[in-house]
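Encoded as structure tokens, the structure appears first; notes follow it.
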Amino acid sequence: MVVLRKLPGMPGWPAALGLRLPQKFLFLLFLSGLLTLCFGALFLLPDSSRFKRLFLPRRATASASSSSSASSSSASSSSTRDTDLPRSPPAAAEPRHASPAAPRRLREKLRTATRMAGPAARTAPGSRQQVQGGESRAQPASGAPPARETRAPFRFDYERFRRSLRHPVRGGRSGEDPETRARRMKIKEMMKFAWDNYKQYALGKNELRPLTKNGHIGNMFGGLRGATVIDALDTLYIMELEEEFQEAKQWVEKSFDLNVNGEASLFEVNIRYIGGLLATYYLTGEEVFKSKALELGEKLLPAFNTPTGIPRGVINLGSGMSWSWGWASAGSSILAEFGTLHLEFLHLSELSGNPVFAEKVRNIRRVLSRVEKPQGLYPNFLSPVTGSWVQHHVSIGGLGDSFYEYLIKSWLMSDKKDSEAKKMYDDALEAIEKHLVKKSAGGLTYIAEWRGGILDHKMGHLACFSGGMIALGAEHSTGDRRQRHMELAAEITSTCHESYTRSDTKLGPEAFRFDAGSEATATRLSERYYILRPEVVESYMYLWRLTHQPKYRHWGWEVVQALEKHCRVEAGFSGIRDVYTTTPNHDNMQQSFFLAETLKYLYLLFCEDDVLSLEDWVFNTEAHPLPINHTDLKAAGQP
Ligand code: DMJ
């Protein structure tokens, strides 16, 4: 414009150029065209929002920038495909009360506050994430409208949770017979012996090597240490081994380092570390266990970064890179691994107020419910890329086992609200009954494995947990199914007991068969070992609690005696290489699950039913108790 102004003493510049009238007119026409073009080009620049804000009404501008900020924070807050999880807000979405029209400075302040308060603050103000039962809904805590400016970070109400329990966690009944008490005390002494030796020779390592009196680290936990400490915590607490519990707690406070860099099994870290920490938090209310569980839980999230959201089996806890087990066919993920995250991940969301954990496991459910099941059965290998089965091997033992366990326990933990889990469990069990449950020539009931339609007549020690699981499901069924499943549970448990009594040590082999003339015995040298596994005593514990038939306590006591005779060594307990010989053949390993599971289930077998009552708790697959979400506090006589 300035160039067109006629300066004093100077001719206008078109005139100065010596142009005539028609030429001047054409020149002006050209100039105005040029200006229109420049103005329009402003809107074609890559980031035209700056200019749009100048020319468009203010409201529309705010709305445009707000939606773009929400979608970018969704992508960065969660590295996986959260776009297909419509029921929950993105983990770091803008606070709800920052309306699109709110001044930018206020919105920025809120965003900064959200980041500083961490994941717990990323939920709607004044709301509590309801995650039990596979739901993750933000609900006003009091029905009052949320405050606009002051919002406290999310805080789990521990006192309220404690009031919701029907029974004291360590029980309160008395009147048992002296023999039961003496047996329980014996098991407590075994726990103290196992812990004391671990503490003396291997504290901070993952397991104790009781023959060589040193520690073992292994490569399952990605550089994490102290697997035995974390696995033992809740057992020490329940057994009232106070001093030993304090020793374990101190190690967690002072030495448990989560900044590690190594390849970990997602499944093992979840069931042992996260399960152990969560359970101990719920039992004691000590914050350190909760914060460690949440921190570790965050480290596992990148494993879900796959096209389907089905996690891979191995994760580097430092870099977050994940991959499938080398031995798993075609890069597949394992049913028992990705199917055994549900209980712990729901509790991580419950305690943090961050729905991301619940979303991850809900997505696994969605993939599983969509995929076609051959004869209604769930094969063990699934591609995390396509979401299709990779191989048709079905087993209720290794590779499949705890997937089924977590279905029925999800339903129970949700106070029977998670009906999807119950239906999946019922349907799966029906298919198992139809295709896999068999009776041997000698009349023993067992659950075979299935390879593309061909049966393998073997049961692994791991499959022996199913007696307890089926009994637990039966207890909460009705009519014909209740009776049938209770009988099936008792028969399976009896078969597993047979696998113990038919050995020279009275401990059971890793796998036993029902073919070529064998009945509940191992036929291969490589399947004769016993590594202090819990599954058989786990079923005894459930069947005792649900039927009170004395034989389950007798059978449990047989195991105690066999452990003392064949597994107890000078500095702890060791697995054995061959259950069919009484000549010592120790494997020099005290597994952490011996303290978490085997000794805990044995102890509970000789306790009153109100110690870790089945009305209040479900056990994760490593025997760490997680609370049932009682929704009817009033009915329980609580405020
Ligand atoms: C434990 O770590 C868990 O019970 C898991 O589900 C399977 N195996 C071991 C114990 O045998």
Margin query: Compute the orientation-averaged projected area for region 342-394 from the convex hull of its Cα atoms and round it to one decimal in nm².
Written below: 4.1
Checklist line | Hz values of 3J(HN,Hα) by residue in region 401-416 - Karplus curve (6.51, -1.76, 1.60), Gly and Pro given as x | finding: 2, 6, 4, 5, 4, 6, 5, 5, 6, 4, 5, 5, 5, 7, 6, 6
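By the gyration tensor of its Cα atoms, with a ≥ b ≥ c the square roots of the eigenvalues, what is the shape of region 199-302: rounded for a/c under 1.5, prolate for a/b over b/c, or oblate?
Working: a/c = 1.86, a/b = 1.04, b/c = 1.79.
Taking the square roots of the gyration eigenvalues as a ≥ b ≥ c, region 199-302 is oblate.
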Next item on the list: Kindly report the accessible area of region 468-514 per residue (heavy atoms of protein chains, probe 1.4 Å, no ligands, DNA or RNA), in Å².
Entry: 34
Notebook entry, point to check: Tell me, what is the percent relative contact order of region 196-242, built from C-alpha pairs under 8 Å that lie six or more residues apart?
Noted result: 30
Note to self: Counting C-alpha atoms alone, how compact is region 381-513: give Rg to one decimal and Dmax as a whole number, in angstrom.
What the structure shows: 15.4, 48
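For region 527-627, take the convex hull of the Cα atoms, compute a quarter of its surface area, and give me that in nm², please.
It is 6.8 nm².
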Check: Among residues other than LYS192 whose Cβ falls under 12 Å from its Cβ, what is the net charge (Lys/Arg +1, Asp/Glu -1)?
Finding: -4
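How large is the Rg to Rh ratio of region 281-325 when both quantities use alpha carbon positions and Rh follows Kirkwood?
That ratio equals 1.13.
If you filter region 540-572 for GluC sites (Glu not before Pro), then keep DSSP loop positions with at most 11 other Cβ within 10 Å, what is left?
GLU570
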Check: Once amide H atoms are built 1.01 Å from N in the peptide plane, which residues 5 or more positions from LEU317, or in another chain, come under 5 Å H to H?
Finding: GLY262, ALA264
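Ranked by accessible surface with a 1.4 Å probe, highest first, in what order do THR582, THR308, THR501 come?
So, going from the largest accessible area down, we get THR582, THR501, THR308.
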Note to self: Please report the spacing between the Cα centers of region 181-197 and region 296-356 in Å, no decimals.
What the structure shows: 35
Notebook entry, point to check: Which order do HIS476, HIS630 take by accessible area at a 1.4 Å probe, largest first?
Noted result: HIS476, HIS630
Next item on the list: Would you mind checking the pairs LYS409/LYS458; LYS409/LYS506; LYS199/LYS409 and listing those with alpha carbons more than 29 angstrom apart?
Entry: LYS409/LYS506; LYS199/LYS409
Note to self: If amide hydrogens are placed 1.01 Å from N in the peptide plane, which non-local residues have theirs closer than 5 Å to the one on VAL569?
What the structure shows: SER574
Checklist line | Accessible surface, 1.4 Å probe, highest first, among residues MET589, MET191 | finding: MET589, MET191
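Take the Cα gyration tensor of region 494-540, multiply each eigenvalue by 5, square-root it, and list the three semi-axes largest first, rounded to whole angstrom.
Each semi-axis is the square root of five times an eigenvalue, giving 17, 12, 9 Å.
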Note to self: Just to be sure I follow: if Rg is taken over the C-alpha atoms of region 296-394 and Rh is the Kirkwood radius over the same atoms, what is Rg/Rh?
What the structure shows: 0.97
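Over 27 Å between Cα atoms: which of LYS213/LYS600; LYS417/LYS439; LYS205/LYS299; LYS290/LYS600 fall into that group?
Listed pairs above 27 Å: LYS417/LYS439.
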Margin query: What are the ³J(HN,Hα) couplings of region 277-285, residue after residue, when phi is run through the Karplus curve with 6.51, -1.76, 1.60 and θ = phi - 60°? Round to Hz, x for glycine and proline.
Written below: 5, 4, 4, 5, 4, 4, 6, 10, x
Notebook entry, point to check: When only C-alpha pairs under 8 Å and at least 6 residues apart count, what is the relative contact order of region 526-639, in percent?
Noted result: 28
Checklist line | Spatial separation of Cα centroids for region 154-171 and region 214-266, in angstrom | finding: 24
Check: What are the aspartates and glutamates whose alpha-carbon lies under 17 Å from the alpha-carbon of LYS434, with same-chain residues fewer than 8 places away excluded?
Finding: ASP426, GLU449, ASP456, ASP480, GLU487, GLU491
Check: Can you list the HN-Hα couplings for region 497-506, worked out from phi with the Karplus curve (6.51, -1.76, 1.60; θ = phi - 60°), rounded to whole Hz and with x for Gly and Pro?
Finding: 4, 4, 4, 7, 5, 7, 9, 6, 8, 6
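The values are calculated or read from the model by the stated rules, or taken from the named source; none is laboratory data. On a predicted model such as this, the values are computed, not experimentally measured, just so you know. Ideal geometry is used to build each Cβ from the backbone, glycine not excepted, and the neighbour counts take in all protein chains shown. To get the accessible areas, we keep the full protein, side chains included, count just its heavy atoms, and leave off ligands, DNA and RNA. Shrake-Rupley method; radii C 1.70, N 1.55, O 1.52, S 1.80 Å.
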